[in-house]
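Report on one structure; see the data block that follows.
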Amino acid sequence: MRIQLFTAALAVLLPGTVLAQDACGIIGAEAPWIAGDAAGSDLSGRDTPLTETAEIPASGPLVRRFSVSTDTGARIAVDADGPGDPTIALYDAQGGLAGENDDAAGSSNSRLDLVLAQGDYCLVAREFSG
């Protein structure tokens, strides 16, 4: 599975290493910063892409955390590298649902196009089963 965040028409594929507990109001969810730390995970004004390829764990969702320092238009996409069917949900710092998607643009991949207000966000990716 590939995670993609597009800002200002640029692809951002993201890595994560630092854990934060109960991020974005999701009780029990550990959410690594997408680029390793808060400063590197700010999507506002990005002009270079980052990448991550990850698997959704069998034990639960894949969660990644990022921020925007100014209101930012974004495209968030999760693409299966094989026969998977990922679904995504995006939550704000208080745990409010900012958007969700499954099967975008006639494919089994997921995508959100939205304007994000300043703040922290958690992207939750799950494998669709049903």
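The values are calculated or read from the model by the stated rules, or taken from the named source; none is laboratory data. Given the structure is predicted, the values throughout are model-derived calculations rather than measurements. Note that we place each Cβ from the backbone using ideal geometry, even for glycine, and neighbour counts take in every protein chain shown.
So, THR53, is that one surrounded by fewer than 13 Cβ atoms within 10 Å (Cβ to Cβ), out of contact with any Ser or Thr (no Cβ under 6 Å at 6 or more places or on another chain) and at pLDDT 65 or above or not?
yes
Yes/no matrix, rows are residues, columns are (1) among the β-branched types (Val, Ile, Thr); (2) out of contact with any Asp or Glu (no Cβ under 9 Å at 6 or more places or on another chain):
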residue: SER59; (1), (2): no, yes
residue: ARG64; (1), (2): no, no
residue: VAL68; (1), (2): yes, no
residue: ARG75; (1), (2): no, no
residue: PRO83; (1), (2): no, yes
residue: PRO86; (1), (2): no, no
residue: ASP92; (1), (2): no, no
residue: LEU97; (1), (2): no, yes
residue: GLU100; (1), (2): no, yes
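Would you point out the residue of segment 108-130, among those that are of a type in the set (A, V, I, L, M) and without any contact (Cβ under 8 Å) to a residue 60 or more places away in the chain, that is surrounded by the fewest Cβ atoms within 10 Å (Cβ to Cβ)?
Among them, the one singled out is VAL115.
So which residues in segment 78-101 are within 15 Å of the chain's Cα centre (by Cα) and more than 27 Å from SER44 (Cβ to Cβ), if there are any at all?
The one that is within 15 Å of the chain's Cα centre (by Cα) and more than 27 Å from SER44 (Cβ to Cβ): ALA80.
How many residues are loosely packed, with under 12 Cβ neighbours inside 10 Å, closer than 22 Å to ASN109 by Cβ and either modelled with pLDDT under 80 or in contact with a Cys (Cβ under 9 Å, 6 or more places away or on another chain) (or both) when one looks only at segment 61-98?
Total meeting the criteria: 3.
Would you pick out the residues in segment 67-107 that are touching a residue at least 40 places away in the same chain (Cβ under 8 Å), in a loop (DSSP other than H, G, I, E, B) and not charged (D, E, K, R)?
SER69, THR70, ALA80, GLY84, ALA93, GLN94, GLY95, GLY96
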